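Have a look at the structure below, then the notes.
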Amino acid sequence: MTLGTAAAGSVKAGGGAYNIGFNDGDETQFDAYDLAELLDCWVEFCAENGFQTNSVDYVERVCE
């Protein structure tokens, strides 16, 4: 699914660390201020590593 769909309800403005699970078993983590910044990080990560941007399994906030 897309990052926006997976992140619904878990991404809050104000900053935090987020785990993104993707490709049925891989995971990465980004620090982001809000959904727009998290999306920018994700798109850049996918472009650099050859992943599809719609391969997200889940998004979870790991620090407040």
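The values are calculated or read from the model by the stated rules, or taken from the named source; none is laboratory data. Since the model is a prediction, treat every value here as computed from it, not as a measurement. Cβ atoms come from the backbone with ideal geometry, glycine included; neighbour counts cover every protein chain shown. We work out accessible area using only protein heavy atoms, side chains counted, and drop any ligands, DNA or RNA first. Shrake-Rupley method; radii C 1.70, N 1.55, O 1.52, S 1.80 Å.
Between [x] 0.98; [y] 1.26; [z] 1.04, which matches Cα Rg over 2.2 N^0.38 Å calculated for the structure shown? Read-out from the structure maps to [x].
Model label sites at Val62 and Lys12, defined 7 Å from Cα along the beta-carbon direction, differ in position by 1.8 nm.
Leaving out ligands and nucleic acids, and using a 1.4 Å probe, what accessible area per residue does the chain come to in Å²? If you can, show how the numbers build up before the last one.
Details: 3710 Å² over 64 residues.
About 58 Å² of surface per residue is accessible.
Between 0 and 90 degrees, the angle of helix 35-49 with respect to the longest Cα principal axis of the chain falls at about 20 degrees.
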